[in-house]
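Read through the structure below, which is laid out as C-alpha cells, and then see the notes.
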Amino acid sequence: MKWFGLIATAFTGILLLSAVGDFARFGDPHSPANAGVGDRPSVSQYYITDTYADTKVPNIVTAVLADYRGYDTMFETVVIFAAGISIFAILRSLGGPVVPVSHPQAIDTSVDGDHQRIIIGTTCRLMIPVIQLFALYVVAHGHHSPGGGFQGGVILGASFILLALAKDLGTALGRFSEKRYLTLGCVGIMIYAGFGLLCQALERNLLDYEILHRIMPATDAVMARSHSMLGVEVGVAFTVTAIMFAIYSNLSSNGRLDHGL
Amino acid sequence: MEFLKTSVIPHFNYWVYVILMMIGLHAMITKNNLIKKLVGMTIFQTAIILFYVSIGVKSGSTIPILEHHHDDHAEVAAADAHHGEPAESDHDSDAVNPDHFANPLPHVLMLTAIVVGVSTLGVALAVSQSIFKDFGSLEEDEILEKIKQGGAAIDD
C-alpha cells in the first residue's frame, strides 16, 4: 500500500509537472488569466477598470465578492451554516448522562497555576475588547481597506474562542450561549437572503442591489450597491462568528458543552 | 542548469504547488491515522490556494484596492489605458490601468475556498471525534478490524 501510494503520487506529480511549461511566466501581466485572450479583455480587467464607476467601492475584492458574485457568496454563507448545523447534528449530545470528568480547575491550585491564571486572565481582559473592536472595524471598513464579512467574522469568533481558552468554555458560553449563536447564524443568512429578496420584491433580479435606492434614503443607484454590500457583509460576519464559535465549542467539549479543554 | 533557467525559475510557483499538492496527496493515500489524512487534505487545499493566488500576480502591481482620495486623482490619472477601453464614468478620474493592480478574481475565489476548507475541516474533525467515541481509535486498520468483529457479532 505504501509503495502503491508513492508510485501513484509520483506519477501524478510528473504528469502535472509536464504541463507546467505551458503556463504563463510567474508575474506576467499579459497572461491569459490576467489580460484575456487576444483583443478580448478578461473579466478581471473589467472589474479593475469599472468597479469604482459601478459601485463606488474601492476594494475590488469586496465588490466582486458581495456584488458581482453575490449569488456565490450567499450560498458560501449557507455552506458555513450547514457545516455548523452538521457538527451540531454529529456531536451534540442532548440530555444524555453527564459523565463526570476530573475538573481541570482542580489541577492548577498550586502557586504556579494561580500565577498563570492571573497573567492569562489579565492579558485576555486587555486583549479581547481590542480584538472585538478590530473585528467590527474590519467588517465595517471592508469596502475601503482589506477586510470584509468573512475576515471580520473570523476575528470576532476568535475573540470568544480566546475567552473559552483562557477561562473555560462555560464562561464563554455564558456570554455567547448556544441558543444565541444558533440564532445569530440564522439571522446572518436571513440578512443576506433578505437583501436579495428585497430586490426581487422591487421587481428586479435576486441580489440586483441597484433598485434598493428606492427604499434607502438619500442614495442613488450607485451608492445603493455600496450600502447593500455593507449590509450583506454584516450578515456574513454574523454567520461566520456564530459558526466559528459553534465549531470550537462542540469540538472542544465533545458535544457536551460543559467546560471544554 | 539550462533546464533550471528555462523551465524551473520562470515557473517556480507551479513547481511549488505541484510538490505541496503531492505531499498532501501522499499523506491522504498512505497515512493510516485519520487526523494525519486531514493534515494531508489541508496541505492539498493550501497548494491549490497558492496556485490560484500566484496566477493572479502581476509583477510591479499593487493590491486590488483603488486609490480613492476625494480631491486628488493624480495617482489614478497618471495611469494610461493599455488594455480595455477607458471607463466611461461620471467620476472625474481617468481610466485605471489594469496592469497596475493584482488580479482580484483569484483572491475572491480563494477567499471562498478558504471558508469552504474551514467548514469541511470542522465537519471532518467532528466525524473523527465521533468515530473515536464509537471505536476508541483513529487508526484505520484498527477501526476496520472492529467493524468486521461487530459485523460478525451481528450475524451471529
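Taken together, the values in this text are just the output of simple stated rules run on the coordinates, not laboratory data. Worth saying up front: this structure is predicted, and the values here are computed from it rather than measured. Cβ placement follows ideal geometry from the backbone for every residue including glycine, while neighbour counts extend to all protein chains displayed.
Quick notes on this one:
- Cβ-based net charge around B:Lys31, under 12 Å, with every Lys or Arg adding one and every Asp or Glu removing one: 0
- Simple point charges give the picture: +1 on the Cβ of Lys and Arg, -1 on the Cβ of Asp and Glu, and for the stretch A:122-247 a dipole about the Cα centre of about 400 debye.
- Once the Cα-Cα distance is subtracted from the 0.36 nm per residue extended length, the A:Glu178 to A:Leu16 segment shows a gain of 53.7 nm.
- Dipole magnitude for the protein assembly as shown: about 1540 debye, using +1 per Lys or Arg Cβ and -1 per Asp or Glu Cβ, origin at the Cα centre.
- Computed helical MRE - 222 nm, the protein assembly as shown, DSSP H runs ≥ 4 contributing -39500 (n - 2.57), nearest 500: -21500 deg cm²/dmol
- Taking the C-alpha atoms only, the angle from helix A:178-201 to the longest principal axis of chain A is near 20 degrees.
- In nm, spacing of pseudo-spin labels at B:Leu144 and A:Met127 (7 Å Cα→C-beta vector): 4.3 nm
- Counting Lys and Arg as +1 and Asp and Glu as -1 over every other residue whose Cβ lies under 12 Å from the Cβ of A:Asn34, the net charge comes to 0.
- Under 26 Å from B:Lys37, Cα to Cα: lysines that are on another chain or at least 8 residues apart: A:Lys2, B:Lys133, B:Lys146, B:Lys148
- Here B:Lys5 is the anchor, and the lysines within straight C-alpha reach of less than 24 Å, apart from those fewer than 8 places off in the same chain, are B:Lys58.
- Taking N as its residue count, the alpha carbon Rg of chain A over 2.2 N^0.38 Å: 1.30
- Helix axis angle, A:149-166 relative to chain A longest principal axis, alpha carbon, degrees: 10 degrees
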